1. Only one of (1) of a type outside the set (Asp, Glu); (2) open to solvent by 50 Å² or more (accessible area, probe 1.4 Å); (3) touching a Phe, Trp or Tyr at 6+ places or on another chain (Cβ under 8 Å); (4) assigned to a strand (DSSP E or B) fails for ASN58. Which number is that?
2. Which condition breaks for ALA74 when tested against (1) assigned to a strand (DSSP E or B); (2) open to solvent by 60 Å² or more (accessible area, probe 1.4 Å); (3) among the aliphatic types (A, V, I, L, M)?
3. For the range 27-55, which residues satisfy the criterion of being within 17 Å of TRP107 (Cα to Cα), open to solvent by less than 30 Å² (accessible area, probe 1.4 Å) and among the β-branched types (Val, Ile, Thr)?
4. So, TYR79, is that one touching a Ser or Thr at 6+ places or on another chain (Cβ under 6 Å) and modelled with pLDDT of 95 or more or not?
5. I need the full set of residues from the range 93-108 which are open to solvent by 40 Å² or more (accessible area, probe 1.4 Å), of a type outside the set (Gly, Ala, Ser) and either touching a residue at least 40 places away in the same chain (Cβ under 8 Å) or not in a loop (DSSP other than H, G, I, E, B) (or both), in order please.
6. What pairs come up if the first residue lies in the range 39-55 and is at positive phi and in contact (Cβ under 8 Å) with a residue 24 or more places away in the chain, the second is of a type in the set (Gly, Ala, Ser) and outside any strand (DSSP E or B), and their beta carbons are under 6 Å apart, counting only those six or more places apart or on different chains?
7. Among the hydroxyl-bearing types (Ser, Thr, Tyr), touching a strand residue (DSSP E or B) at 6+ places or on another chain (Cβ under 7 Å) and under 22 Å from GLN98 (Cα atoms): is that true of SER30 in this structure?
8. In the range 33-52, how many are within 17 Å of VAL99 (Cβ to Cβ) and not in a strand (DSSP E or B)?
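The values are calculated or read from the model by the stated rules, or taken from the named source; none is laboratory data. Because the structure is a prediction, the values reported are computed rather than measured. Cβ coordinates were reconstructed from backbone atoms using ideal geometry, including for glycine residues, and neighbour counts include every protein chain displayed. Ligands, DNA and RNA are excluded from the accessible area calculation, which covers all protein heavy atoms including side chains. Shrake-Rupley method; radii C 1.70, N 1.55, O 1.52, S 1.80 Å.
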Amino acid sequence: QVQLVESGGGLVQPEGSLRLSCAASGSIFSINNMAWYRQAPGKERELVAGITTGGTTNYASSVKGRCNISRDNAKNTVYLQMNSLKPEDTAVYYCAAQVRTRSWGPWTDYWGQGTQVTVSS
């Protein structure tokens with residue numbers, strides 16, 4: 001069993017900053033890609049940022065230049081630093097990870113429960 005636990009969400013003013021954290025735990029052999037997604041009311045879930053084990057990153061155009069994704073492989077943790085936040089960033093943010101529980105096992109996608117980020121004055 002693998003669990004992803006997110007933290008760091010909350011209410012922030014426009015132009016403010018938040019740092020989201022997501023720690024994976026359980027029967028983990030290795031973790032491949034990790035990512036942050038978000039879903040705003042009335043919209044589909046979208047990729048915010050992704051990061052490979054080696055540190056290669058990609059970002060949604062809407063957050064590029066304002067967000068930074070990073071990871072600590074020793075802690076099985078991925079972070080999302082968000083700066084210059086806008087009301088349009090308001091959404092539930094979800095952590096995702098590709099995980100093997102055995103070296104010969106399949107890669108399986110795991111998701112966190114989500115953390116609310118609200119940007120409002």
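1. Tallying (1) of a type outside the set (Asp, Glu); (2) open to solvent by 50 Å² or more (accessible area, probe 1.4 Å); (3) touching a Phe, Trp or Tyr at 6+ places or on another chain (Cβ under 8 Å); (4) assigned to a strand (DSSP E or B), ASN58 fails exactly one: (3).
2. (1)
3. Answer for the range 27-55, where residues must be within 17 Å of TRP107 (Cα to Cα), open to solvent by less than 30 Å² (accessible area, probe 1.4 Å) and among the β-branched types (Val, Ile, Thr): ILE31, ILE51.
4. Numbers: touching a Ser or Thr at 6+ places or on another chain (Cβ under 6 Å): yes; modelled with pLDDT of 95 or more: yes.
Taking the combined requirement at face value, the residue satisfies it.
5. The answer is GLN98, ARG100, THR101, ARG102, TRP107, THR108.
6. Listed by first residue and then by second, the contacts come to nothing, as the list is empty.
7. Values: among the hydroxyl-bearing types (Ser, Thr, Tyr): yes; touching a strand residue (DSSP E or B) at 6+ places or on another chain (Cβ under 7 Å): yes; under 22 Å from GLN98 (Cα atoms): yes.
Yes, satisfied.
8. 1
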